[in-house]
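What follows draws every value from the coordinates through simple rules; no lab data is involved. Small disclaimer: the values here were computed from a predicted structure and weren't measured. So basically every Cβ, Gly included, is an ideal-geometry build from the backbone, and we count neighbours across all protein chains shown.
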Amino acid sequence: MNRDLSGATSDQHLVALWLAARPPSTERVYRPVADAFLVALQGGSLRDLTAAQAIEWAEHLEGQPSTRARKVSTIKSLLTFAWRTGYSLHNVGRVLRCVRVPSKVHERILEEPEMKGLFEAASPGRDRAFLRLMYCTGARVSELCKLRWLDLAQPGRMSVLGKGSKVRTLVVPQVVLDEVRALKPQGVGLDAPVFCSKRAPGDALGVRDAREIVYRARRRAAQDRRVSPHWLRHSHATHALDHGAPIHLVQQSLGHANVSTTSVYLHVRPNQGSATYIKL
């Protein structure tokens, strides 16, 4: 019998331990799913969870494939934690199969003229500089929101704090770096945020407001598609590969742990295919 080393006194306590030290953004996504799962047990405990209960829960999930896949993945993580810490005797999460989500990356890429139109439609200053920096580096919107002036201290580079609290250094075109540095007010310290909220001057730009920068530029550019910040990241990777960037450099810029994650962009717009070898 496995020894219970979790220290958890209840299912809710275990969830709290599982979420401990995770980024706030991750906790905001994971906790509602975990709470809803515990409610679905109808008074039962994770310690007594059966494969039949887990499968039944997964089969009754509603929503888009991506939503269902996220929920299943979240609960698999929780159940694995319960098992590894000895809270549960068995890892019931193993019976759950993640929902297959069709890749839609090819639908979420802006062509280079569209990117230019988005920049031109953005308000000069903070908004335009934010969009151009996000596109040219491939950084996540959350990474740019956390950017401090100290992170731009190196010539031609910036450092970002990514997933898993990993820091990576990105090369930035000088023209974009100059645009961003022009935003710095006199007398502001190196620890101050680069992109500030207009509703609360001095505070860092929030992710929600950062998304609104993209939405506002999209509306002004009269683009029909529902462009989001992550489209700029997809576009960065695709355009960089189109122009001959080695995939390992794109992987490093995006902060992907595995090059297989980056390789999805190679299949978005392949330059070669077996059809080129067919004689008609």
Check your understanding: Helix 126-137 versus the longest principal axis of the chain: what is the Cα-based angle in degrees, 0 to 90, to the nearest 10?
Key -> 70 degrees
Exercise for review: For Arg157, enumerate residues with amide H under 5 Å from its amide H, sequence gap 5+ or separate chain, H modeled in the peptide plane.
Suggested key: Val172
Check your understanding: Hey, what did the range 105-266 get for relative contact order, percent, Cα under 8 Å, at least 6 apart?
Key -> 30 percent
Practice item. Straight distance only, please: which aspartates and glutamates reach the Cα of Lys146 with their own Cα at less than 20 Å, same-chain residues fewer than 8 apart left out? Key: Glu27, Asp127, Asp178, Glu179, Asp191, Asp203, Asp209, Glu212
Review point. The chain: Rg/Rh from Cα coordinates, Kirkwood Rh?
Key: 1.04
Exercise for review: Starting from the Cα gyration tensor of the range 11-95, multiply each eigenvalue by 5, take the square root, and state the resulting semi-axes largest first in whole Å.
Suggested key: 18, 17, 11
Check your understanding: Can you flag which of Lys116/Lys198; Lys163/Lys184; Lys166/Lys198; Lys76/Lys198; Lys71/Lys184 are past 31 Å Cα-Cα?
Key -> Lys76/Lys198; Lys71/Lys184
Review point. Using θ = phi - 60° and the Karplus curve 6.51 cos²θ - 1.76 cosθ + 1.60, what whole-Hz ³J(HN,Hα) does each residue of the range 50-65 get, with Gly and Pro shown as x?
Key: 9, 4, 4, 5, 5, 5, 4, 4, 5, 5, 9, 5, 10, x, 5, x
Study note, to complete from the structure: Comparing Ser235, Ser197, Ser142 in a Gaussian network model of the chain (Cα, 10 Å), the one with the largest mean-square fluctuation is Ser197
Review point. Spin-label point model (7 Å from Cα, Cβ direction): what's the Asp35 to Leu89 distance in nm?
Key: 3.2 nm
Check your understanding: Mean separation of Cα pairs under 8 Å and 6+ residues apart, divided by the residue count of the chain: what relative contact order is that in percent?
Key -> 16 percent
Practice item. Apply the Karplus parameterisation 6.51 cos²θ - 1.76 cosθ + 1.60, with θ equal to phi minus 60°, to every residue of the range 193-200 and state each ³J(HN,Hα) to the nearest whole Hz, in sequence, with x for glycine and proline. Key: x, 6, 9, 9, 6, 7, 7, 9
**Study point:** Mean separation of Cα contacts under 8 Å (6+ apart) over length of the range 11-95, as relative contact order %
**Key:** 33 percent
Practice item. Report, by chain and number, residues whose modeled amide H sits under 5 Å from the one on Arg148, excluding near sequence neighbours (fewer than 5 apart, same chain). Key: Val194
Check your understanding: Working from the pairwise distances between different alpha carbons, so that the mean of 1/r is found and then inverted, what is the range 160-251's Kirkwood radius in Å?
Key -> 15.9 Å
Revision key, fill the gap. Total charge of the residues flanking Arg218 in space, meaning their Cβ is under 11 Å from its Cβ, with Lys and Arg +1 and Asp and Glu -1, is +3
Practice item. Jot down the radius of gyration and Dmax of the range 105-266, Cα atoms only, both in angstrom. Key: 15.2, 45
